[in-house]
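Reviewing the structure listed below.
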Amino acid sequence: MKKADLSESLRKIGIKAGDRLLVHSSFKSLDYEGTPTEVCLCLMDAVTDDGLLMMVTHSYNFINRKGFGPYNKDVSPVQIGIIPETFRQMDGVLRSLHPTHSVAAWGKYAQEFIAGHEKFEAAGEGTPYYRFARAEGKILMIGCDLEACTMVHEAEWEAQVPYLDIHFDAEWGREALYYDDNGELIRIDYKNIPGCSHGFVNCQPGLTDAGCLNKISLNKETSYLADASCLLNYLVKRLREYPYVLLERERADCYQCMEAFKRRDIL
Ligand SMILES: [Zn+2]
């Protein structure tokens, strides 16, 4: 697809000037004849600088993770795809100081959305996700499904699921280092770490039926568009009834799933 096709597709699915848009993406899925920079520009054009474009820019700079030093928002590479890695380096884009689960934002109120993220855990009150869900935001998943959707972790936080403190990779540790805006190195210890997303798709049919999530087409691959507040409210309610609905009992390869169910079975 070309830039004009993408712009037209975004218009067709209802993305417009002033929108607040959180994007998860697979560049490959777009089969795009151009650069990731163009895709970002296209998304910026769609929401305009009256709106807000936000992307997850997780870098996972945990203290015990081999090969990963302190987090530096200007340098630390994004671990989840070329579109956010490109976006965070573009003019006018701001990135939060959270050393493991940062976000980048552009547009109106971008600074307000990312401010102070590092002082809180990855999700929950005080984070960009919490704010975004309360600002009539839309979540666009380009060529990916709910498994990529970080707002689901926000729902886990707000529902206070019983496995929040189980790390997805215990060897990485809970501590992280980051450089603040004055270049000072700060050490922080997070009690809870968001992790597994293996079971997120379990909630996809329910979210669709509730009208919070819509399957859309930008090109050949399936994409999704969600109303952030609707998605969050539905999931918080569901997690309060079934706290383990987002985990998978049979995932022997997942430390968090296994530990969470072990703990539940003991109780
Ligand atoms: Zn898992």
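The values are calculated or read from the model by the stated rules, or taken from the named source; none is laboratory data. This is a predicted model, so every value here is computed, not measured. Using ideal geometry, Cβ is built from the backbone for each residue, glycine included, and neighbour counts are taken over all protein chains shown.
Of the set (1) touching a helix residue (DSSP H, G or I) at 6+ places or on another chain (Cβ under 7 Å); (2) within 27 Å of GLY126 (Cβ to Cβ); (3) not β-branched (Val, Ile, Thr), all apply to ASP74 but (1).
Of all residues assigned to the stretch 206-213, at least one qualifies as being assigned to a strand (DSSP E or B) and in contact with a helix residue (DSSP H, G or I) (Cβ under 7 Å, 6 or more places away or on another chain).
In the stretch 47-54, the condition of being over 20 Å from CYS144 (Cβ atoms), hydroxyl-bearing (Ser, Thr, Tyr) and over 19 Å from the mean Cα position of the chain (by Cα) is met by at least one residue.
Take the conditions (1) surrounded by fewer than 17 Cβ atoms within 10 Å (Cβ to Cβ); (2) of a type outside the set (Lys, Arg); (3) at pLDDT below 95; HIS198 misses just one of them, which is (1). Scanning the stretch 240-267 for residues that are assigned to a loop (DSSP other than H, G, I, E, B) and basic (Lys, Arg) returns ARG249, ARG251. Note on the stretch 80-98: residues that are in a loop (DSSP other than H, G, I, E, B), on the phi < 0 side of the Ramachandran plot and of a type outside the set (S, T, N, Q) amount to 7.
Listed conditions (1) closer than 22 Å to GLU118 by Cβ; (2) touching a strand residue (DSSP E or B) at 6+ places or on another chain (Cβ under 7 Å) are all met by LEU225, apart from (1). Within the stretch 36-49, residues that are outside any helix (DSSP H, G or I) sit with their Cβ atoms under 6 Å from residues that are buried (at least 16 other Cβ atoms within 10 Å of the Cβ), at 6+ positions apart or across chains, in these pairs: ASP49/GLY107. Scanning the stretch 188-213 for residues that are in contact (Cβ under 8 Å) with a residue 40 or more places away in the chain and away from the ligand (no atom under 16 Å from the Cβ) yields ILE188, TYR190, LYS191, GLN204, LEU207, LEU213.
For beta carbons closer than 6 Å, sequence separation of 6+ or different chains, a first residue in the stretch 249-267 that is within 14 Å of SER197 (Cα to Cα) and a second that is within 9 Å of the ligand (Cβ to nearest atom) and in a helix (DSSP H, G or I), the qualifying pairs are ARG251/CYS257. Can VAL103 be described as of a type in the set (A, V, I, L, M, F, W, C), touching a helix residue (DSSP H, G or I) at 6+ places or on another chain (Cβ under 8 Å) and either without any contact (Cβ under 8 Å) to a residue 24 or more places away in the chain or surrounded by fewer than 16 Cβ atoms within 10 Å (Cβ to Cβ) (or both)? No: the conditions fail for VAL103. Taken over the stretch 108-124, the residue count meeting the criterion of being part of a loop (DSSP other than H, G, I, E, B) and within 15 Å of GLU154 (Cα to Cα) is 5.
Look at (1) touching a Phe, Trp or Tyr at 6+ places or on another chain (Cβ under 8 Å); (2) away from the ligand (no atom under 16 Å from the Cβ); (3) modelled with pLDDT of 95 or more and you find that GLY173 fails only one, number (3). Against the conditions (1) away from the ligand (no atom under 16 Å from the Cβ); (2) in a loop (DSSP other than H, G, I, E, B); (3) touching an Asp or Glu at 6+ places or on another chain (Cβ under 6 Å), GLY183 satisfies every one except (3). Confirm whether LYS237 is of a type in the set (D, E, K, R), away from the ligand (no atom under 16 Å from the Cβ) and assigned to a loop (DSSP other than H, G, I, E, B). Here the answer is no, as LYS237 does not meet what is asked. Total residues in the stretch 50-79 satisfying the condition of being of a type in the set (D, E, K, R) and either outside any loop (DSSP other than H, G, I, E, B) or without any contact (Cβ under 8 Å) to a residue 40 or more places away in the chain (or both): the figure is 2.
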